[in-house]
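Structure first, then comments.
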Amino acid sequence: MYCGNPADSREHIIAVWIVELLDQDPRGLPTPTTLHVPLDDGTRLDFRGRSRRGRPTIEYTTRVCQACNNGWMNVIDENARPYLMPMIKGDPVGLDATGREFVATWVAKVAVTARSASPNVLPIEKAWTDWLYNNRVIQPNWHASVGHYIGVEPFWYRPEDVSSTPPPDAPASWQSDPIFASHGVAAFLAVGHLAIEVLGFTNGILTQVAGPPETAMLDIWPQTGIAVEWPPAEHIDDAGLHLWARRFQSKPS
């Protein structure tokens with residue numbers, strides 16, 4: 001899906017070291033554990049953890065080539081690891097410019113790659129995979145933010161295929177405006193104490209997210225030059241997961 005070579009290896013979308021980290025969680029989260037993926041029709045996909053060579057893992061996987069899997073994709077995971085680990089455990093961490101880039105790139109890689117995972121396959125634009133493969137960084141105008149989750153779900157993930165469409169009474173000339181796109185990436189992940197989300201479209205036209213100021217989610221991308229200290233003052237609980245996961249969306253009228 002990235003380089004065009006045969007997909008001859010299995011990519012763990014949720015890295016094994018993250019599951020191993022949850023194995024040490026003082027809340028006593030069960031490991032091997034389960035990744036819960038709610039769907040629009042009210043059903044839920046459960047990807048159950050199991051032991052792989054004596055190590056707990058989540059078998060939420062897709063196929064990519066070995067060079068990508070063991071190369072740049074692994075580098076993105078490892079770059080983000082020093083910043084993700086304290087947030088997953090609930091420990092305070094400061095996100096400097098490098099940390100914000102590494103964490104935002106990680107969630108973008110997770111969200112794009114997971115769209116190819118069966119059985120919840122979603123459209124993937126070549127522009128997304130080409131950008132990640134060639135640049136190894138989240139697109140500059142995508143949006144990513146992090147929050148503090150306190151609840152019972154060890155893993156909770158909601159992927160969406162979203163679109164940006166003109167209003168019904170818009171002139172015909174608006175149809176070709178690059179601000180509108182048929183497909184977009186929207187994903188919300190809760191893992192341990194970390195809540196993280198990403199939103200972006202093919203043309204990279206999302207420069208800001210309009211809405212009231214939010215205090216439970218801290219913007220980390222696009223870069224703002226403002227230091228981010230995690231966790232924020234407010235947290236997200238189990239009742240808020242579905243609401244936060246869909247906060248940028250509205251149903252067609």
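The values are calculated or read from the model by the stated rules, or taken from the named source; none is laboratory data. What you see is a predicted model; the values in this text were computed from it and never measured. Neighbour counts are summed over all protein chains in view; Cβ atoms, including those assigned to glycine, are modelled from backbone coordinates with ideal geometry.
Check Arg100, Arg136 and return the single one that is surrounded by fewer than 16 Cβ atoms within 10 Å (Cβ to Cβ) and of a type in the set (D, E, K, R). On inspection, the qualifying residue turns out to be Arg136. Here Gly147 passes the criteria (1) farther than 23 Å from Asp77 by Cβ; (2) within 19 Å of the chain's Cα centre (by Cα) except the one numbered (1).
Does Thr98 count as polar (S, T, N, Q) and under 17 Å from Glu197 (Cβ atoms)? Against the criterion (polar (S, T, N, Q) and under 17 Å from Glu197 (Cβ atoms)), Thr98 does not qualify.
What about Pro92, is it surrounded by fewer than 19 Cβ atoms within 10 Å (Cβ to Cβ), closer than 30 Å to His235 by Cβ, at pLDDT 95 or above and not polar (S, T, N, Q)? For Pro92, the condition - surrounded by fewer than 19 Cβ atoms within 10 Å (Cβ to Cβ), closer than 30 Å to His235 by Cβ, at pLDDT 95 or above and not polar (S, T, N, Q) - is met.
Identify, from the list Glu59, Glu125, the residue that is more than 27 Å from Val228 (Cβ to Cβ) and touching a Gly at 6+ places or on another chain (Cβ under 8 Å). Selected residue: Glu59, the only one of Glu59, Glu125 that is more than 27 Å from Val228 (Cβ to Cβ) and touching a Gly at 6+ places or on another chain (Cβ under 8 Å).
Could we say that Phe201 is without any contact (Cβ under 8 Å) to a residue 24 or more places away in the chain and among the aromatic types (Phe, Trp, Tyr) here? Answer is no for this residue. The requirement of being aromatic (Phe, Trp, Tyr), modelled with pLDDT under 80 and over 25 Å from Thr61 (Cβ atoms) is fulfilled somewhere in the stretch 236-252, by at least one residue. The residue that is nearest to Trp230 (Cα to Cα), counting only those in the stretch 78-87 that are crowded, with 19+ Cβ neighbours inside 10 Å and in contact (Cβ under 8 Å) with a residue 40 or more places away in the chain, is Met87.
Go through the residues of the stretch 146-164 one by one and say whether even a single one is at pLDDT 90 or above and either of a type in the set (A, V, I, L, M) or farther than 28 Å from Pro82 by Cβ (or both). Yes - at least one qualifying residue is present in the stretch 146-164.
With respect to being surrounded by 17 or more Cβ atoms within 10 Å (Cβ to Cβ), under 21 Å from Ser116 (Cα atoms) and either modelled with pLDDT under 75 or of a type in the set (A, V, I, L, M) (or both), Thr57 fits the description.
Being modelled with pLDDT under 95, assigned to a helix (DSSP H, G or I) and aliphatic (A, V, I, L, M) is a condition met by no residue of the stretch 24-36.
Pairing residues of the stretch 1-25 that are under 19 Å from Tyr157 (Cα atoms) with residues that are part of a loop (DSSP other than H, G, I, E, B), at Cβ distances under 6 Å and at least 6 apart in sequence or on separate chains, gives Ile13/Tyr60; Ile14/Tyr60; Leu22/Leu29; Leu22/Thr31; Leu22/Pro154; Leu22/Gly192; Asp23/Thr31. Met73 fulfils the conditions (1) of a type outside the set (Asp, Glu); (2) assigned to a helix (DSSP H, G or I); (3) surrounded by fewer than 18 Cβ atoms within 10 Å (Cβ to Cβ); (4) modelled with pLDDT of 95 or more except for a single criterion, (3).
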